[in-house]
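The structure under discussion appears below in the form of structure tokens.
The values are calculated or read from the model by the stated rules, or taken from the named source; none is laboratory data. None of these values were measured; they are calculated from a predicted model. Cβ placement follows ideal geometry from the backbone for every residue including glycine, while neighbour counts extend to all protein chains displayed. Heads up: the accessible areas ignore ligands, DNA and RNA and are worked out on the full protein's heavy atoms, side chains in. Shrake-Rupley method; radii C 1.70, N 1.55, O 1.52, S 1.80 Å.
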Amino acid sequence: MTAEEVVNEGCSISMEGEDITPKKDGGVLKMVKKEGTGTELPMTGDKVFVHYVGTLLDGTQFDSSRDRGEKFSFELGKGQVIKAWDIGVATMKIGEICQLICKPEYAYGAAGSPPKIPPNATLVFQVELFEFHGEDITDEEDGGIIRRIITKGEGYTKPNEGASVEVWLEGCHEGRVFDERELKFEVGDGEGLGLPPGVERALQAMEQGEEALFTIKPKYGFGTAGSNKFNIPPNATLQYKIKLKAFEKAKESWEMNTTEKLEQSGIVKEKGTQYFKEGKYKQAVMQYKRIVSWLEHESSMQPEEEEKAKALRLAAHLNLAMCYLKLQEPNPALENCDKALELDANNEKALFRRGEALIVMKEFDRARADFQRVTQLYPANKAAKSQIVLCQKHIKEQHEKDKRLYANMFQKFAERDAKKESEQEKEPEKKENGSAIEIDENGAQEQTAA
């Protein structure tokens, strides 16, 4: 039976079906019209794609995605559709077509949805499920971390950076469980426990009591290096099952007074420095960023507090620049050097590190200017003098490359012009030959034309 035949058959409405409501109150009755394939069902948070036709009990159609010729999509279990749909679609398999009879309390209630749906209306939907996939929880929406919720959590708050969390997790790679344990730690300290960055990002999207499956691509997993500890090869996609048992949020900036912000900034600075020494640059970045977020827009400080805050912010930006250089990310390194120079225009480390970032970006003239500035302000800095020599070498190489490029370009132009000139010289001869043929074809004045 085709989807169209099932929909047409739905005009004759049967009030039979299985009660699929959690309360078993008869609010949503489901009847399968066409069996789906496989065994997998959509989970809370999955994006589902369906076609549907909605009618009243008397058969009056009030809506149809099929008539619009475009599938309808929504995130399951998020309250984006009527309750009956969140309940009903969660029971469907790919390719399944079913009828859902929805009582008012699971549809539009006493108010209805004027003008097409009257108050206290029982609705009938023919629904076909085409596909579903998990929720992308990355900021970039690059598909790097996909979540599928097994058990929905409670409340609306989620762990933040620095939150104390209690979790159970199980990591798998190609069907092999490589990590299974219960942990208590602060979000931001996961790398020290052998957790990939994607796990901590996943935790910050979870509610208390939630259990979910996460598919983590290499960028958010163990990357190109893999993990010797867990015998994970380079560029591996990981699966983690995580249950967030409990957590306590770290104080947000607005929850702390100036004294607390300064005190906490000192603590996380030391933590960041320890991470840096251990070569855990991404973890160090997370700590230094917290200092910036706490102190960047802090006002109404006493002079002594302002000096302390300025010193902490300067250190944070300088250390962030160094971390990003280690991570081969010159753009954020450059940005943090600029921020540091706003606080201290002649800062030796900021000028030097900005020069290093510019070299990576192949902006050798600007880099040389920064290193020259360093040598002017700090004549004892031998490293800056070496970098100037390096920049000059790169600039010379670039000039030589440009000369070769332009020489080749001019040679091509000259060859093109010579060819054009040669063609122009031949043009009168072509015209004369053309006249002779033309007159010859007409059979007149043959001798004159020759």
Only one of Leu183, Leu195 that is within 22 Å of the chain's Cα centre (by Cα) and within 20 Å of Lys271 (Cα to Cα): Leu195
Cβ-Cβ under 9 Å pairs, at least 6 apart or on other chains, segment 392-403 side under 13 Å from Glu363 (Cα atoms), far side part of a helix (DSSP H, G or I) and of a type in the set (Lys, Arg): Gln392/Arg368; His394/Arg368; Ile395/Arg368
Subset of segment 176-198 [within 19 Å of Gly223 (Cα to Cα) and outside any strand (DSSP E or B)]: Gly188, Asp189, Gly190, Glu191, Gly192, Leu193, Gly194, Leu195, Pro196, Pro197, Gly198
In segment 252-291, residue nearest to Glu329 (Cα to Cα) [restricted to those that are part of a helix (DSSP H, G or I), in contact (Cβ under 8 Å) with a residue 24 or more places away in the chain and of a type in the set (A, V, I, L, M)]: Val285
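Table: residues versus (1) more than 18 Å from Glu296 (Cα to Cα); (2) in contact with a Pro (Cβ under 7 Å, 6 or more places away or on another chain).
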| position | (1), (2) |
| --- | --- |
| Gln328 | yes, no |
| Asn331 | yes, no |
| Leu343 | no, no |
| Lys349 | yes, no |
| Arg353 | yes, no |
| Met361 | yes, yes |
| Ala369 | yes, no |
| Arg373 | yes, no |
All positions within segment 199-248 that are part of a strand (DSSP E or B) and among the aliphatic types (A, V, I, L, M): Ala212, Leu213, Ile216, Ile232, Leu238, Ile242, Leu244, Ala246
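Identify all residues within segment 124-159 that are farther than 27 Å from Thr37 by Cβ and either open to solvent by less than 20 Å² (accessible area, probe 1.4 Å) or touching a Pro at 6+ places or on another chain (Cβ under 9 Å) (or both); write none if there are none. Reasoning before the result, please.
Taking segment 124-159 first, the residues farther than 27 Å from Thr37 by Cβ are 137-142, 144-145, 153-159.
Within segment 124-159, Ile137, Thr138, Gly144, Ile145, Gly153, Pro159 qualify.
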Long-range neighbours under 6 Å by Cβ, at least six apart or interchain, first residue closer than 12 Å to His394 by Cβ within segment 361-378, second part of a helix (DSSP H, G or I) and at pLDDT below 95: Phe364/His394; Phe364/Ile395
Selection count where residues are of a type outside the set (A, V, I, L, M, F, W, C) and open to solvent by less than 60 Å² (accessible area, probe 1.4 Å), scope segment 67-78: 3
